[in-house]
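Colleague: What follows is a single structure, and I will ask about it in a moment.
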Amino acid sequence: MAAVPAITVSELRERLGAEPRPFLLDVREPWEFVAGHVPGAQLIPLGELERRVSQIPRDRPIFAICHSGQRSLAAANYLLALGYREVVNVDGGTAAWIERGYPVDK
């Protein structure tokens, strides 16, 4: 399997304003999401991904994020195996986003 491309949180911040607007997939648990998430992120916990995959668009880039980058890497690999073309993992995840002082929604 090909390696999943990755971006840093600073690159993510730049890309969130780009067109086509990427779909930011947060695969953490609901309690983690409500504690703080990247603005615009859509929550689909990793354990629900298989049954909710139809909610993920195929016509936009997908940026997968979790707490540190491990669950999102698993999610990205899964989506690529399903034929999604542009799937990117966010290195460092939400923890790195918060560490940089970027805004979060709660």
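Colleague: Only residues in the range 95-106 that are at pLDDT below 95 count as the first member; pair them with residues that are surrounded by 11 or more Cβ atoms within 10 Å (Cβ to Cβ), Cβ under 8 angstrom, at least 6 apart or cross-chain, and list the lot.
Modeller: Matching pairs, first to second residue: 106/34; 106/35; 106/36; 106/37.
Colleague: Going by the conditions given, is residue 53 hydrophobic (A, V, I, L, M, F, W, C) and within 20 Å of residue 10 (Cβ to Cβ)?
Modeller: Details: hydrophobic (A, V, I, L, M, F, W, C): yes; within 20 Å of residue 10 (Cβ to Cβ): no.
Answer is no for this residue.
Colleague: Among 30, 39, which is surrounded by fewer than 17 Cβ atoms within 10 Å (Cβ to Cβ) and touching a strand residue (DSSP E or B) at 6+ places or on another chain (Cβ under 6 Å)? Steps first, please.
Modeller: Details: 30 fails: touching a strand residue (DSSP E or B) at 6+ places or on another chain (Cβ under 6 Å).
Going through 30, 39 in turn, just one is surrounded by fewer than 17 Cβ atoms within 10 Å (Cβ to Cβ) and touching a strand residue (DSSP E or B) at 6+ places or on another chain (Cβ under 6 Å): 39.
Colleague: Output yes when any residue across the range 66-81 is more than 14 Å from the chain's Cα centre (by Cα) and not basic (Lys, Arg), and no when none is.
Modeller: Yes, because at least one residue in the range 66-81 is more than 14 Å from the chain's Cα centre (by Cα) and not basic (Lys, Arg).
Colleague: Is it the case that the range 26-37 has a residue that's in contact (Cβ under 8 Å) with a residue 60 or more places away in the chain, β-branched (Val, Ile, Thr) and not in a strand (DSSP E or B)? Let's see the steps before the verdict.
Modeller: From the range 26-37, those in contact (Cβ under 8 Å) with a residue 60 or more places away in the chain are 26, 28, 32, 34-37; that's our starting set.
If we keep only those that are β-branched (Val, Ile, Thr) as well, we get 34.
Subset that is not in a strand (DSSP E or B): 34.
Yes, there is a match, as at least one residue in the range 26-37 is in contact (Cβ under 8 Å) with a residue 60 or more places away in the chain, β-branched (Val, Ile, Thr) and not in a strand (DSSP E or B).
Colleague: Here's something else I'd like to know. Pairs under 9 Å by beta carbon, first residue more than 21 Å from residue 17 (Cβ to Cβ) in the range 59-87, partner acidic (Asp, Glu) and crowded, with 20+ Cβ neighbours inside 10 Å, six or more apart or different chains?
Modeller: Sorted first by the residue in the range 59-87, then by its partner, the pairs are 66/26.
Colleague: Also, quick follow-up: Kindly provide the set of residues from the range 63-96 that are under 17 Å from residue 43 (Cβ atoms), out of contact with any Gly (no Cβ under 9 Å at 6 or more places or on another chain) and either assigned to a helix (DSSP H, G or I) or of a type in the set (Asp, Glu) (or both), ordered by number.
Modeller: 74, 75, 76, 78, 79
Colleague: Considering every residue within the range 72-90, establish whether at least one is under 20 Å from residue 6 (Cβ atoms), buried (at least 17 other Cβ atoms within 10 Å of the Cβ), modelled with pLDDT of 95 or more and touching a Ser or Thr at 6+ places or on another chain (Cβ under 8 Å).
Modeller: Checked the range 72-90: at least one residue is under 20 Å from residue 6 (Cβ atoms), buried (at least 17 other Cβ atoms within 10 Å of the Cβ), modelled with pLDDT of 95 or more and touching a Ser or Thr at 6+ places or on another chain (Cβ under 8 Å).
Colleague: Sticking with this structure for a sec: Quick one: in the range 1-27, of everything that is among the β-branched types (Val, Ile, Thr) and modelled with pLDDT of 95 or more, which residue is surrounded by the most Cβ atoms within 10 Å (Cβ to Cβ)? Working first, answer last.
Modeller: Taking the range 1-27 as the starting set, the residues that turn out to be among the β-branched types (Val, Ile, Thr) are 4, 7-9, 27.
Then drop every residue that is not modelled with pLDDT of 95 or more, which leaves 7-9, 27.
On the way: 7: 16, 8: 14, 9: 21, 27: 28.
If we take residues in the range 1-27 being among the β-branched types (Val, Ile, Thr) and modelled with pLDDT of 95 or more, then 27 is surrounded by the most Cβ atoms within 10 Å (Cβ to Cβ).
The values are calculated or read from the model by the stated rules, or taken from the named source; none is laboratory data. It should be emphasised that the depicted structure is a prediction, and the values quoted were computed from it without experimental measurement. We place every Cβ from the backbone using ideal geometry, glycine too, and count neighbours over all the protein chains shown.
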